[in-house]
Amino acid sequence: FSPKFKSWDQLFSASGEVMKHELGIGPKPRKWILMWTNKFRLGIDPYFIPTSKKHEIKRVDRLARMKRRGRT
């Protein structure tokens, strides 16, 4: 989303409405951006959030099931 914001000031001052209508950012990324800019304002440094393994496990199970049934 860096091309959408011209400066750090615009990133930190943009409201949800501006991101939605003027910048064309969807709901999930918009919520994520607003959450992290607010955390940064509160003094919380950004940190890594690992992705869930839930969907990966389901995919593995699905592939194993397909192999048992002879579909691969």
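Listing for the model above:
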{"read-out": "Computed E for residue 23/residue 62 - FRET, C-beta separation, R0 35 angstrom, nearest 0.05", "value": "0.40"}
{"read-out": "Residue of 49, 33, 25 that the Gaussian network model of the chain assigns the largest fluctuation, springs spanning Cα pairs under 10 Å", "value": "49"}
{"read-out": "Highest-fluctuation residue, 62, 30, 41 considered, GNM on the chain with Cα pairs under 10 Å", "value": "62"}
{"read-out": "Calculated [θ] (222 nm, deg cm²/dmol) that DSSP helices of n ≥ 4 give over the chain, each run adding -39,500 (n - 2.57)", "value": "-17500 deg cm²/dmol"}
{"read-out": "For the chain, radius of gyration divided by Kirkwood radius, i.e. Rg to Rh on alpha-carbons", "value": "1.26"}
{"read-out": "Per residue, in Å², the accessible surface of the chain once ligands and nucleic acids are set aside, probe 1.4 Å", "value": "90"}
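The values are calculated or read from the model by the stated rules, or taken from the named source; none is laboratory data. Model, not experiment: these values are computed from the prediction. Every residue, glycine among them, receives a Cβ derived from its backbone with ideal geometry; neighbour counts consider all protein chains shown. Only protein heavy atoms, including side chains, enter the accessible area calculation; ligands, DNA and RNA are left aside. Shrake-Rupley method; radii C 1.70, N 1.55, O 1.52, S 1.80 Å.
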